[in-house]
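The values are calculated or read from the model by the stated rules, or taken from the named source; none is laboratory data. The structure presented is a predicted model; accordingly, all values stated were derived computationally and were not measured. Heads up, the Cβs are rebuilt from the backbone with ideal geometry, glycines too, and the neighbour counts pull from every protein chain shown.
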Amino acid sequence: MSYDLIIKNGKVVSGLSSTWINADVGIKDGVIVEVGYLSWKHAETVIDARGKFVLPGFIDMHNHSDLSLIALPDALNSIMQGVTTVVIGNCGFSAAPVMPKALDMVKRFWRQLSFGLEVDFTWRSFNDYLNVLSSVRPSVNVVPLVGHGTIRINVLGFNDSAPNDEELSVMKSLVNEAMRSGAFGLSTGLIYPPSSYASTDEIVELAKVAGSYGGIYSTHIRSESGRLLEAVGEALDIGLRAGIPVEISHLKAAGKPNWGKVKEVVNLIRDYRGRGVEVNYDLYPYTAGSTSLISLIPQKFYREGFESLISRLKDRGFREEVVKYVESSSDWENLLGVLGWEDIVISYSQTCKSCEGRTLLSISEELGVDPYTAFFELIVRDEGRTLMIMHFISEEDLIYALKQPYSLIGSDSFIVPKVGKPHPRFFGTFPRVIKRYVKDLGVLTIEEAVAKMTSNTAQKLRLHDRGVIAPGFKADIVVLDVDRLEDRATFEDPNNYPLGIEYVVVNGSVSVYEGIYVGKRGGEVLRRSTLESLQ
């Protein structure tokens, strides 16, 4: 047999936690055909991987590129890390469905994660959206989830009341349509309105629909700080009641007063796994998080929608009401309660480029105003588009969570142009796992780390033909030079691709050759294979 591609002389890590072997990999029609000694076989293209690791392509379990992949289908800050598959639709944010009456609200909902990119919403159904995404031919594979926040906007807008029977039925039908179209599960973002307005019972009912198709429940839990354990407990109870696998997004104990709670979370997970709930979590290898600055506003103030909130934030009296609530209430995810103004760094601003890379404290001091005023002014001037970085995670917690068998890796990033000062996870997550936690600190072996970034994630998603280097699997492959490996994205200078990612192959197509992106976009929009309910 003549192959399309042979990767020869590499140290092959299969993804199944077994030790690496010296072998060649033969690829034909986008599929791995043979792993072994192939020096006598012919191929159209041959890559010599001598002295380098040959790994399954990395699967990013937590990504937000639902819109930016349409604008930037080359997906450079993912593909250059060795990421070959991204899971989108996380934290309750999905780009579809979009009922005509909800179009403006959904577009506004997404603006807080736009990084300045504008995309025309030409679709309405989840199926239409996946067709549009497929038409741009992204460089990476895409695994879509349907977002609860988007579902709720379509039916209830930003109303914080519980849905009546008719409204819940419509919400369930929208989840059903998404799952029939190929969604891999349901996500929630329970600190982000309107997802945060949902009761546990509401989520259970929608999760049952996703679970009936073999989908997963992925959740940004209600609290990652003071009420972390209760929030994890809610997620696990949803899994138990709905009969659905659970994925806890970007696990952390946020804020120094909560450091150490991750061990208690792991104990809870062990307990529920013992009761039959399949639970995993993803994390990123950094001690800082990132989200929209407007998410620090208490959820009760979003009830009339984003436009109304930003308009009211121009009023001094309303600002005083917000400050009073922030400083006196504990019934919401009050991250300002565990952060100092010096811990909040602006990573993107539409109107204040000089603010990027600086703390809110230093910005307020330069302006001669108190930090709250600087905070409100940025939100108003940027119309809610401001993004921030928060330094509030313990590396000891991170290492403990990383070592557990339940951990997967997700960047919690999205495809971006080289603008602003985004969290370095946008450019460096996957190389950093290997560079810092395998090579430098020895927390994991290369085989353990690779499994968490490939086969274990594929197993969670029921991607039965990806995440492993073995005959019959799709040819998503990374060739990595561990001696040159460096995640060059830093908090001070984040917009840098890593070194040491020598080749990236997606569905048999070589997208990165000798560390350079060559413009071949071999990705596919993946759809969950069973189109009918399992019940």
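Residues in the range 423-466 that are assigned to a helix (DSSP H, G or I), of a type outside the set (A, V, I, L, M, F, W, C) and more than 19 Å from E395 (Cβ to Cβ): E447, S455, N456, T457, Q459, K460.
Scanning the range 270-300 for residues that are in contact with a Leu (Cβ under 7 Å, 6 or more places away or on another chain) and over 30 Å from W110 (Cβ atoms) yields Y272, R275, V277. Residues of the range 109-137 that are buried (at least 22 other Cβ atoms within 10 Å of the Cβ) and either at pLDDT 95 or above or among the hydroxyl-bearing types (S, T, Y) (or both): F126, Y129, L130, L133.
Quick check: anything in the range 138-152 of a type in the set (D, E, K, R), assigned to a helix (DSSP H, G or I) and surrounded by 24 or more Cβ atoms within 10 Å (Cβ to Cβ)?
Step one: list which residues in the range 138-152 are of a type in the set (D, E, K, R), which gives 152.
Of the ones still in play, those that are also assigned to a helix (DSSP H, G or I) are 152.
Now narrow it down to the ones that are surrounded by 24 or more Cβ atoms within 10 Å (Cβ to Cβ): 152.
Scanning the range 138-152, I find at least one residue that is of a type in the set (D, E, K, R), assigned to a helix (DSSP H, G or I) and surrounded by 24 or more Cβ atoms within 10 Å (Cβ to Cβ), so the answer is yes.
Conditions tested, residue by residue: (1) touching a strand residue (DSSP E or B) at 6+ places or on another chain (Cβ under 9 Å); (2) of a type in the set (A, V, I, L, M, F, W, C); (3) crowded, with 16+ Cβ neighbours inside 10 Å; (4) not assigned by TED's automatic domain parsing to the domain that holds L133.
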residue	(1), (2), (3), (4)
S14	yes, no, yes, yes
V25	yes, yes, yes, yes
E44	yes, no, no, yes
K52	yes, no, yes, yes
H64	yes, no, yes, no
P73	no, no, yes, no
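If you filter the range 290-335 down to residues that are without any contact (Cβ under 8 Å) to a residue 60 or more places away in the chain and β-branched (V, I, T), you find that the one that is surrounded by the most Cβ atoms within 10 Å (Cβ to Cβ) is V322.
Per this entry, V83 is not counted among residues that are out of contact with any Pro (no Cβ under 6 Å at 6 or more places or on another chain), farther than 25 Å from Y281 by Cα and among the aliphatic types (A, V, I, L, M).
Listed here are the residues, each with its yes/no results for (1) in contact with a Cys (Cβ under 9 Å, 6 or more places away or on another chain); (2) aliphatic (A, V, I, L, M); (3) farther than 16 Å from R385 by Cβ; (4) assigned by TED's automatic domain parsing to the domain that holds Y192.
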position: F301; (1), (2), (3), (4): no, no, yes, no
position: I310; (1), (2), (3), (4): no, yes, no, no
position: L313; (1), (2), (3), (4): no, yes, no, no
position: R316; (1), (2), (3), (4): no, no, yes, no
position: E320; (1), (2), (3), (4): no, no, yes, no
position: S328; (1), (2), (3), (4): no, no, yes, no
position: W332; (1), (2), (3), (4): no, no, yes, no
position: L335; (1), (2), (3), (4): no, yes, yes, no
position: L339; (1), (2), (3), (4): no, yes, yes, no
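When E177 is tested against (1) touching a residue at least 60 places away in the same chain (Cβ under 8 Å); (2) over 19 Å from M99 (Cα atoms); (3) among the acidic types (D, E), exactly one condition is not met: (2). For L69, the conditions (1) assigned to a helix (DSSP H, G or I); (2) surrounded by fewer than 17 Cβ atoms within 10 Å (Cβ to Cβ); (3) not small (G, A, S) all hold with the exception of (2). Taking first residues from the range 20-39 that are over 15 Å from V479 (Cα atoms) and partners that are at pLDDT below 95 and not in a strand (DSSP E or B), no Cβ contact under 6 Å between residues at least 6 apart in sequence or on separate chains turns up.
Filter the range 365-399 down to the residues that are among the small types (G, A, S) and either modelled with pLDDT under 95 or in contact with a helix residue (DSSP H, G or I) (Cβ under 8 Å, 6 or more places away or on another chain) (or both), then identify the one that is farthest from A449 (Cα to Cα).
Our first condition is that a residue be among the small types (G, A, S); within the range 365-399, this holds for 368, 374, 384, 394.
Applying the additional criterion that residues be either modelled with pLDDT under 95 or in contact with a helix residue (DSSP H, G or I) (Cβ under 8 Å, 6 or more places away or on another chain) (or both) yields 374, 384, 394.
Details: A374: 41, G384: 37, S394: 20 Å.
Selected residue: A374.
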